[in-house]
Structures are given as structure tokens and as C-alpha cells.
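The values are calculated or read from the model by the stated rules, or taken from the named source; none is laboratory data. Given the structure is predicted, the values throughout are model-derived calculations rather than measurements. Note that we place each Cβ from the backbone using ideal geometry, even for glycine, and neighbour counts take in every protein chain shown. Ligands, DNA and RNA are excluded from the accessible area calculation, which covers all protein heavy atoms including side chains. Shrake-Rupley method; radii C 1.70, N 1.55, O 1.52, S 1.80 Å.
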Amino acid sequence: MSIRISNKPFFERVEKGIDDEFMRSAVSGAQDRLEGRKAESTAELGTWEDWRDHAEEIRQHTLENLDFYLQQFAENAAAQGGHVFFAETKEEANEYIQSVIRRKEAKKVVKAKSMVTEEIGMNEAIRELDCEVIESDLGEWILQLDDHDPPSHIVVPALHKNKEQIRETFHEKRGYGKSSDPQELGRFAREQLRKEFLSADVGITGCNFAVAESGSVSLVTNEGNARMVTALPKTQISVMGMERIVPTWEELDVLVSMLCRSAVGQKLTSYITGLTPSKAQDEHAPEEFHIVIVDNGRSKILGTKYQSALQCIRCAACINVCPVYRHVGGHSYGSIYPGPIGAVLTPLLEGYENNKELPFASSLCAACTDACPVKIPLHELLLEHRRDIVEHEKGGFTEKMAMQGFAYAATHPKMFQFGGKAASPIVDRFSEKESGPGPVKLWTQIRTLPSQKDDRFRDWFEERERRNNGGKNS
């Protein structure tokens, strides 16, 4: 899997999502629960907006000095025995990871949840070596068992499945014979995964944040699987996006607090792990610690009007409040990054060719911007995408002529007034109909085109002024 999870047309994906009643019910229920927990946990702080300002300041400062902090991180990690590799492309990242696995003659890799490894298609690259890759996050493991079903949420990847569906997957793929009780399902998964941890040759994790001052990688989890991944195999590889860095442990403290509250409504998650390479001969530590820092298009975003998108800490707070995601689900976006941040980030990383519909899949209600703990102006970035797509990518000859015509009419009052009167009888032909003409069709399929039979604004305003002036025109 890479950043794209479907090659089907956008509207076909959307139709499938809308028709999936179970998925929509599961998503809306999860959104309500997660948002409710977040409201409770943030209220305890009392000064949530001050925390957001501080978190935004940290992320902006780090991005503006990213070269310095990446260099500091790399030097500190290397000085303690870590192997740091900068990968400009996903191909370079995968080639390096493959070289480590090949050299270790590994036959099995156990892996903790990581969005950036999904983004670069790492699992497929490892399987090319006839090496098995086992997901150890419960949700990711379920999806892997279910014929590599793509994740539908950044934090809760198996959000679109219920316990009966999970039981059926366990039964079909692993011979599970007990009930759909969550405790029994969880106990079975733990027994299965324990064998994988003990027999893996290499452990691979992502990185929630890297600490520049110490050369450390931090992981924020609730299941403890990341600790097993980093403690048992003798070779450790951590893969991180180049923007996932903080200057010191003090800034890490702030951002982890924001991440946990925004993602799952917790003050802290069950496990917050700091991993630092070590030269000391510790039988419980990995013999080799590799850190792969992935660019994959991020440096091209730096210094542009989209730079704030790199502030993202992958908490999914924007997804949890998005009304569009609520109705179409994560798979409709066709990207491993769904929701508002996915609609912003995916075209930046992969281009507009296969993703030009994503910035238009938004109501622009700005709920995502209000929810973001690091204050990414998501709805404004979506508008920037729309502007760029219309100006450089999507706008055809007809659309451009129509926009130029409207611009001319809007700047010439008499022309605008004449056009309004002339358009009224035409528009009225399609109001209250289910299918309008041409580009209006998408609107009239789900909304009623406003009738022009009522007074036009100019007529209403002139009449109002006349009444206010005692029947005289102003």
C-alpha cells in the first residue's frame, strides 16, 4: 500500500461510502464519543486556547528552523551509536530498509503502527525480499488479516468494522472458534501476536516525535505493542517524516499532551516511550538502531503558502469533527490520509492528477480549523488548493469563459442587473426539479435550486428605501 488506497473514481468511492449504512453509523458514533472525551479532557486544562497558541508556536518555530534541528538530531543519534539515513524519496527509504533486512537475513519483521511507512509502501517493499511483515497494532493487524483492507482513520484504522466482522475475520484466517465478545477477541489477538514478537528478526516503528537535543525517538501508544517491537528484535528501525521533530523534551511534553487529548480524549496514553540509541552492551537493547528520515515531497512544501500543513501531529482531531467524513467515511478519500488534513496533504505529497477532487470534498465550515490543536488553517488551505486547481489544473475552456464572463458582469452594474433579470426565468425552469443542466446537475441532485419567483434583492432593497423615504425614491 502507498499513499493511494484506491484507483476507483472519486464519485464512485463516495457513492459506496454513502450507501454503507453500517460504516456511517460507526463513524458518527465514534466521532461523537471521541469529540465528547476531548471536550472533557481539554476542559480540565482551563486554558485550551493558550495551549493551542503555544503548540502552534512550537511547530512553527521548528519548521522555520528544521534544517538546524534535523542536523542536531542526526548528530546526537549518531554519536550514541544510531544509524541515521536521510531519504529524499520513498524509493530511497525503502532501498535503505531493504538493505538492512537483507544484511540481517531477516525472514520476519514485526511492525508498530506508522502512517509514514504506509505512505512510502514499505510493507510491499519488504515482501519483495520474501520477508514476512506482521502488523502488531490491533486495528492494523485485523485489517492485515482481512486481505489488507485499507485503514479508514488515522488513529482508529479499523473504525469501519464491528466485532462480528472481526470475529468472522479471525475465524476465517486463524481458525478462531469463540464468541464476538471484545475480551475474548482481544485475548485471542494477544496470544497470536505474542508468537510474532518472539520470532521476529527486525522491529520497525514510526515516530510520533523525535527529540533533537538527545537524538531520541518517542512513541505514543495505548496497546504496548510498540514496546514489544522495540524490545525483542535485535535490530530496530524507526521511520519518521522529516517534520516530526521537536527541539527538546520540554516541547515534547506540550505536544504529547495536545496529541493525547485531541486524538482519544486522554490526558496521556498508556505508554509513552522514548528510544535513544546506545553504545552500551545491554542484552535487552537492540544491537542495531536505524532511523530513516523521510522527505518524500515535504521539503517542497516548506516556504510555501501550504507550510502550515506540516504542523500536523497526526491526532485526527479534524477528522473527528468533519461533517463530510461523517457521511462518506475514510475510504472515500482514496488516501491513507483521510478527512480535512488528508484533503490538504495528499495533493501536496502526490500532486493534483489523482487528487483534484479532494479539496472540494469539504463544506468549508471550518470545524476542522477550530479543532486542530496546532492551529493549522485547514479550511483556508483547502481554498488555496481550489484556487490553484481552478487556475492551473482543473479549469477547462468553458469554465474559464464562464468565470471571465461573470467577472465582467459583476464589475459592470447595468450588465449585472440585466443578467439577473434575464436569468430568472431560466433558473425557475429547473428549481424544484431533481436534475438541472450541465454543472448544475450535481447541485440539484441533492439540493433544491432557489426559486427566482420571489423579489430579487435589488427590487427588495429599492422598495425598502422607497418606504423609508416616505414613498420617494432615494
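Details
- For Thr269, the shell of other residues with beta-carbons less than 14 Å away shows a net charge of +4, using +1 for Lys and Arg and -1 for Asp and Glu.
- Nitroxide proxy distance, nm - points 7 Å out along Cα→Cβ at Lys421 and Phe188: 7.4 nm
- In Å², nearest 10: area of Cys312 left accessible to a 1.4 Å probe: 10 Å²
- Solvent-accessible surface of protein heavy atoms, probed at 1.4 angstrom with all chains present, puts Thr117, Thr304 in the order Thr304, Thr117, largest first.
- Candidate residues His331, His385: accessible-area rank, largest first, probe 1.4 Å: His331, His385
- Net charge, Ile313 excluded, C-beta distance under 13 Å - Lys, Arg +1, Asp, Glu -1: +3
- Using a probe of 1.4 Å on the protein chains alone, the accessible area found for Arg467 is around 140 Å².
- Within straight-line reach of Lys161, meaning a Cα separation under 16 Å, sit the following aspartates and glutamates at least 8 residues removed in sequence or on another chain: Asp19, Asp20, Glu21, Asp137, Glu140, Asp146, Asp147, Asp149, Glu172, Asp181.
- A straight Cα-to-Cα reach below 17 Å connects Lys107 with the lysines Lys195, Lys234, residues fewer than 8 places away in its own chain not being considered.
- Stretchable slack from Gln404 to Arg102, in nm (0.36 nm times residue separation minus alpha-carbon distance): 102.8 nm
- Take 47-56, 369-378 and order them by the average number of nearby Cβ atoms within 10 Å per residue, most first; the result is 369-378, 47-56.
- In straight-distance terms, cross-link reach from Lys8 covers every one of the lysines whose alpha-carbon lies under 17 Å from its own, apart from those fewer than eight places away in the same chain; here that gives Lys16, Lys356.
- With contributions of -39500 (n - 2.57) from each DSSP H run of at least four residues, the per-residue ellipticity at 222 nm computed over the chain stands at -15000 deg cm²/dmol.
- Database note for the chain: Cys without another Cys beta carbon under 4.7 angstrom, Cys131, Cys207, Cys260, Cys312, Cys315, Cys322, Cys365, Cys372.
- Of the solvent-accessible surface of the stretch 69-301, computed with a 1.4 Å probe over protein heavy atoms with every protein chain present, carbon and sulfur atoms account for 46 percent.
- A cut-off of 5 Å between modelled amide H atoms, ignoring neighbours fewer than 5 places along the same chain, links Ile134 with Val109, Val110, Lys111.
- With all protein chains kept in place, the per residue accessible area of the stretch 59-186 amounts to 46 square angstrom at a probe of 1.4 angstrom.
- For the chain, the square roots of the Cα gyration tensor eigenvalues, ordered a ≥ b ≥ c, give a/c of at least 1.5 with a/b greater than b/c, which places it in the prolate category.
- The 3J(HN,Hα) values that the Karplus relation (6.51, -1.76, 1.60; θ = phi - 60°) gives for the stretch 113-124 are, in residue order, 4, 7, 5, 5, 5, 5, 4, 8, x, 5, 4, 5 Hz. Gly and Pro appear as x.
- Surface per residue (accessible, 1.4 Å probe) for the stretch 344-414, Å²: 54 Å²
- Cα centroid separation, the stretch 5-40 to the stretch 278-323: 25 Å.
- Rounded to whole Hz, the Karplus (6.51, -1.76, 1.60) HN-Hα couplings of the stretch 260-273, x for glycine and proline: 5, 5, 6, 7, 10, x, 10, 5, 9, 7, 5, 10, 10, 10
- Debye, to nearest 20: dipole size of the chain, +1 on Lys, Arg Cβ, -1 on Asp, Glu Cβ: 1340 debye
- Arg13 sits with roughly 20 Å² accessible to a 1.4 Å probe, with DNA, RNA and ligands left out of the calculation.
- Counting charges near Met228 (Lys, Arg +1; Asp, Glu -1) among other residues having Cβ under 15 Å from its Cβ returns a value of +1.
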